[in-house]
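Structure first, commentary second.
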Amino acid sequence: MEKKTVFSGIQASGSLHLGNYLGAIRNWAAMQYDYNNYFCVVDLHTITVLQDPATLRAKIREVAGLLFAAGIEAENSVVFIQSDVKAHSELAWLLNCITPMGWLHRMTQFKEKSEKQKEEVSVGLFDYPVLQAADILLYDTHMVPVGEDQKQHVELCRDIAQRFNYRYGGVFVLPEPHIPPVGGRVMGLANPEKKMSKSEEKEEDSIYLLDTPDQIRKKVKKATTDSLRDISFDENRPGINNLLTIYQLLTDKNRQKIEEYFSDKTYKILKEEVAEVVIESLRPLQERYHELTGEAGYLDGMLERGAEKAGARAEKKMGQVSESMGLK
Ligand code: AMP
Ligand code: TRP
């Protein structure tokens, strides 16, 4: 049987963190053998908010390097930079012309981001989900593995594809979001009411994948907990619940065993153990990252080959789309 296709994307807007890893990248690496995979550093999405050019250039390569370091293999997955494949922008324009503005006004991520930005909000930020739909639809994607925050965008993509297919015939495959049962929303350490995020102003909230052991110990030590004592999974106690969830995801132990293990231990010990588990889990990833970025030209070569493979597939799809709309 022909393998199904997986596509996912990640922005280069800041440093990758444990939420990106547990909610997305680690799952991409684990599922790659059963699918045809496309993983994309979405630099065109990243510039929907203002970026410093030199920083962006470095971050794009850092993110790509971390994908490989996290176990995504060039033999099994096509890894590439979005702006290297022009069809993404081109298809986004065609989809713009069939997407009602009302659909975009309903996107919660746009509402949140535009509230923060006020008068600086760009047309690109508003249009962000249409470009995301283009990313997904170009590759006849069946499954989109993402964290919880992206569910609405993938559903919108499905709606756009359905509308297109209704007007122009069955051109697009309808994709499904794939969200992990645990880890789809890793919370901040300092503020466990909010998800862990890339924005640099909340550094104490996020464990970055390239943080040193000391940085990790400090951040986990300062993590917000509560004034109770017992250590149990409880959504009403977001701080402890988040630390335990991180521990669960990285040790693969079941919840009951974890609660038993910590039943006679203090918050201080819980934090020390969580920090050590994080440090040990990130160690091999960090080593691989330094290895593969240490070798001049190695990463660039892989990305070039990725862009070639993705480009060939995307061009073919564009031909079909243009023809169905009457452009060819
Ligand atoms: P982004 O950093 O927004 O480009 O997100 C890249 C991927 O990581 C997407 O699939 C997100 O849904 C996922 N992600 C981002 N933040 C978190 C988080 N705090 N917990 C779980 N998944 C996340
Ligand atoms: N919007 C996604 C995020 O911030 C990134 C993204 C862009 C994406 N294109 C995609 C995710 C296509 C999945 C599929 O996380």
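Taken together, the values in this text are just the output of simple stated rules run on the coordinates, not laboratory data. Quick caveat: nothing in here was measured; it's all calculated off a predicted structure. As a convention, Cβ positions derive from the backbone with ideal geometry for all residues, glycine included, and neighbour counts pool all protein chains shown.
Here are some notes:
- For the stretch 108-152, the square roots of the Cα gyration tensor eigenvalues, ordered a ≥ b ≥ c, give a/c of at least 1.5 with a/b no greater than b/c, which places it in the oblate category.
- Simple rule: put +1 on each Lys or Arg Cβ and -1 on each Asp or Glu Cβ in the chain, find the dipole, and look at Asn27, Ala70, Cys97; the Cα lying farthest toward the positive end is Cys97.
- Close amide H pairs (under 5 Å, H built 1.01 Å from N) link Met187 with Met196, residues at least 5 positions away or on another chain.
- Residue-by-residue Karplus 3J(HN,Hα) for the stretch 171-183, coefficients 6.51, -1.76, 1.60, Hz, glycine and proline x: 8, 9, 6, 8, x, 10, x, 10, 10, x, x, 10, x
- Whole-Hz ³J(HN,Hα) from phi, Karplus 6.51 cos²θ - 1.76 cosθ + 1.60, for the stretch 2-10, glycine and proline x: 5, 5, 7, 9, 10, 9, 8, x, 8
- Gaussian network model of the chain, springs between alpha carbon atoms under 10 Å - residue of Arg283, Arg61, Arg167 with greatest fluctuation: Arg167
- Taking the convex hull of Cα positions in the chain, its mean projected area over all directions (nm²): 18.0 nm²
- About its Cα centre, the stretch 40-180 has a charge dipole of approximately 320 debye under the convention of +1 per Lys or Arg Cβ and -1 per Asp or Glu Cβ, with nothing else charged.
- Separation of the Glu276 and Lys309 label points, Cα + 7 Å toward Cβ, nm: 4.0 nm
- Looking at the stretch 259-298, the trypsin sites (Lys or Arg not before Pro) that sit in a DSSP loop and have at most 12 other Cβ atoms within 10 Å of their own Cβ are Lys265.
- Summary of packing: across the peptides 70-77, 204-211, the per-residue average of other C-beta atoms within 10 Å ranks them, highest first, as 204-211, 70-77.
- Long-range HN-HN contacts of Glu176 with modeled amide H, under 5 Å: Met143, Val144
- Across the chain, Cα pairs under 8 Å and at least six residues apart give a relative contact order of 22 percent.
- Residues in the stretch 164-169 carry Karplus couplings, in order, of 5, 4, 5, 7, 10, x Hz; the curve used is 6.51 cos²θ - 1.76 cosθ + 1.60 with θ = phi - 60°, and Gly or Pro positions show x.
- In terms of other Cβ atoms within 10 Å, Asp230, Asp159 run from fewest to most in the order Asp230, Asp159.
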